[in-house]
Amino acid sequence: MTDLTFHGLLKSSFVHFIALGGLIFVVFAMLDDTPSAPPPDAIVLTAPEAARLVDQFTATWRRPPTAQELEALMQSWAVEEANVREALELGLDRGDAVIRQRLNLKMQFLSESGAAVLEPEDAELQAYLDANPERFMQPPDIAFEQVLLPEEGAASEIRVLLENGADPATLGVASLLPSSFPMTPAPVIDRTFGAGFDATLAALPLNSWQGPVPSGYGQHLVRVTDRSDPTLPPLSEIRNRVEAEWRADRTKTLRESYTQAVLARYSVTLPDAGEVLNQ
């Protein structure tokens, strides 16, 4: 028959094990100097968080706060923290589109922040440049002549004169624009005539009067007289640009990976779009 007396329990190895475990727990609790977590109703501003308040004040006012100003900042922080907790307790965050949007943006920022600290090697950037040359091609320089047209309907008459050898400088509307441009980079052409003018010239045939071509000044007849081939600059000349594009791609990849991972944690059920629209 099993010994269930008090004396028998004292001799039990199971009781000895429980007692030893309890003793070890008590000893570790007495020796452990790790600060315990504050209770749920405690509002504690840590030293790093207080230092961040100082940094924010300094960035705004170009000087550090006084002790009185810092006390006011910390008190304001405590009031804000208390109000936020009360609002969350009341569920005021639920259904608030502004709060949802800000939380969503913060999570997206966290998912993309890893790309900001990446430091690519030149070999990696060169491989990226080789794989995406179209992003970094230097547009051709273009030489051309132009005539600013006076009004609609004058293009045909002026074109005939030009094709018969008339000097373009003597035709059209007088302006500060030269009638002839030597080999000119694309950015300069677009700054002079407006965005897209260079792209239009790049598609025109050589040595033939074409148009009208619109610009910020009006309508032009143009003749492209020379054009260089597009070139791909070496990495050493465009490293910053390549790195920026590389980092943007890495950011996009991290964002997409995060989105897939976070959605995989949930069972997502969405209504049929057609049924919603037909309601």
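The values are calculated or read from the model by the stated rules, or taken from the named source; none is laboratory data. Computed from a predicted structure; not experimentally measured. Cβ coordinates were reconstructed from backbone atoms using ideal geometry, including for glycine residues, and neighbour counts include every protein chain displayed.
Things to note:
- Test: residue in the stretch 95-115 that is closer than 22 Å to Val54 by Cα, surrounded by 12 or more Cβ atoms within 10 Å (Cβ to Cβ) and not aliphatic (A, V, I, L, M): no
- Selected residue (only one of Glu86, Glu119 is not in a helix (DSSP H, G or I) and not hydrophobic (A, V, I, L, M, F, W, C)): Glu119
- Meets criteria (assigned to a helix (DSSP H, G or I), under 30 Å from Asp249 (Cβ atoms) and modelled with pLDDT of 80 or more) for Met107: yes
- Remark: pairs (first residue in the stretch 208-231, on the phi > 0 side of the Ramachandran plot; second residue assigned to a strand (DSSP E or B) and hydrophobic (A, V, I, L, M, F, W, C); Cβ separation under 7 Å; 6+ apart in sequence or on different chains) = Gly211/Leu221; Gly211/Val222; Gly218/Leu148.
- Residue that is nearest to Phe181 (Cα to Cα), among those in the stretch 216-238 that are among the aliphatic types (A, V, I, L, M) and within 35 Å of the chain's Cα centre (by Cα): Leu232
- Residue within the stretch 146-158 that is surrounded by fewer than 16 Cβ atoms within 10 Å (Cβ to Cβ) and part of a helix (DSSP H, G or I) present: yes
- Asp167 touching a Ser or Thr at 6+ places or on another chain (Cβ under 9 Å), in contact (Cβ under 8 Å) with a residue 60 or more places away in the chain and under 23 Å from Asp226 (Cβ atoms): no
- Residue within the stretch 264-278 that is within 37 Å of the chain's Cα centre (by Cα), among the hydrophobic types (A, V, I, L, M, F, W, C) and crowded, with 17+ Cβ neighbours inside 10 Å present: no
For (1) within 39 Å of the chain's Cα centre (by Cα); (2) exposed (fewer than 15 other Cβ atoms within 10 Å of the Cβ), each residue gets a yes or a no:
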residue: Ala166; (1), (2): no, yes
residue: Leu171; (1), (2): no, no
residue: Ala186; (1), (2): yes, no
residue: Asn207; (1), (2): no, yes
residue: Pro214; (1), (2): yes, yes
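- The stretch 216-226, residues that are surrounded by fewer than 17 Cβ atoms within 10 Å (Cβ to Cβ) and either of a type outside the set (Asp, Glu) or within 10 Å of Phe197 (Cβ to Cβ) (or both): Gly216, Gly218, Thr225
- Every condition in (1) out of contact with any Gly (no Cβ under 7 Å at 6 or more places or on another chain); (2) modelled with pLDDT of 95 or more; (3) assigned by TED's automatic domain parsing to the domain that holds Phe193 is met by Arg239 except one, and the failing one is (3).
- Check on Val224, over 30 Å from Pro120 (Cβ atoms) and in contact with a helix residue (DSSP H, G or I) (Cβ under 8 Å, 6 or more places away or on another chain): yes
- Selected residue (only one of Ala50, Ala37 is on the phi < 0 side of the Ramachandran plot and either at pLDDT 85 or above or among the acidic types (Asp, Glu) (or both)): Ala50
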